[in-house]
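The values are calculated or read from the model by the stated rules, or taken from the named source; none is laboratory data. From a predicted model like this one, the values you see are computed outputs, not experimental measurements. Neighbour counts are summed over all protein chains in view; Cβ atoms, including those assigned to glycine, are modelled from backbone coordinates with ideal geometry.
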Amino acid sequence: MGHKVHPYGFRLGTSRTWSAKWYADKDYATLLQEDLAMRKLIERRLANASVGGVEIERGINYVTVTIHTAKPGIVIGKGGANVEVLRKQIGDLTKPRKVKLEIKEIRQPELDAYLVAANVAQQLSRRIAFRKAMKQAIQRTMKAGAKGVKVAVAGRLGGSEMARREWDREGRIPLGTLRADISYGYVLSRTTYGTIGVKVWIYRGDVPDQRVPRPAAAQLAAPVAAQGV
């Protein structure tokens, strides 16, 4: 049997951090529902803005929402009008807390697995051949500087009666290496003949080890030896 672990959850605390930073005892369920509602609102309103991720950080009386997007101009709008409307709508979900909205640009959308998966899913919904869509996505990602990429699609591919899974890969995808910077994305493509799932893994290189190094065994044993134990 396969032992499949989410690449992000596997790396939490080492090379990745949490997308929601807050703590609660009694109100955990309420705040979690607020988070889900905010993410659904952003996904619905910014469907055409190539949003790659949303980070939520909570304080005592404020909420900071960071939107990572490849098209910040669409999110901000003319004179910042769209941002103000979005901030007001998010504020209605989190009353009475103040909302701070931050927009961060994704400079290389070809290296963001969620955006690559969304692009493949859009092509599948337009009835483009799945092998062609996968090949083009892999070529663009590798040309952008990735060290490895894997794309998998599953469902009624090409409208066939029997659902199946197909995948293609180029380069290395070291999923078991914690220091490896793996970008992962999963998007559903809703076609006329059913739903097709698209998964993308992108290996963007290694993250420098920021953990405190453990002392050597000789250093730990030295004080004990000095005491004559």
Looking only at the range 59-69, decide whether some residue is under 25 Å from Met134 (Cα atoms) and either without any contact (Cβ under 8 Å) to a residue 12 or more places away in the chain or crowded, with 16+ Cβ neighbours inside 10 Å (or both).
yes
Examine the range 81-91 for a residue that is of a type in the set (S, T, N, Q), in the same structural domain as Tyr193 (by TED's automatic domain parsing), surrounded by 13 or more Cβ atoms within 10 Å (Cβ to Cβ) and part of a helix (DSSP H, G or I), and state whether such a residue exists.
no
What's the number of the condition Val63 fails, among (1) within 21 Å of the chain's Cα centre (by Cα); (2) assigned to a loop (DSSP other than H, G, I, E, B)?
(2)
May I ask you to say which residue of Arg127, Arg131 is in a loop (DSSP other than H, G, I, E, B) and among the basic types (Lys, Arg)?
Arg127
Suppose the filter is out of contact with any Asp or Glu (no Cβ under 7 Å at 6 or more places or on another chain), farther than 18 Å from Ala117 by Cα and aliphatic (A, V, I, L, M); does Leu41 pass it?
yes
Write out, first by first residue and then by second, each pair whose Cβ atoms fall under 8 Å of each other, whose residues are 6+ apart or on separate chains, and whose first residue, in the range 2-23, is within 26 Å of Tyr62 (Cα to Cα) while the second is modelled with pLDDT of 95 or more and of a type in the set (Val, Ile, Thr).
Ser19/Val54; Ser19/Ile56; Ala20/Ile56; Lys21/Ile56; Trp22/Ile56
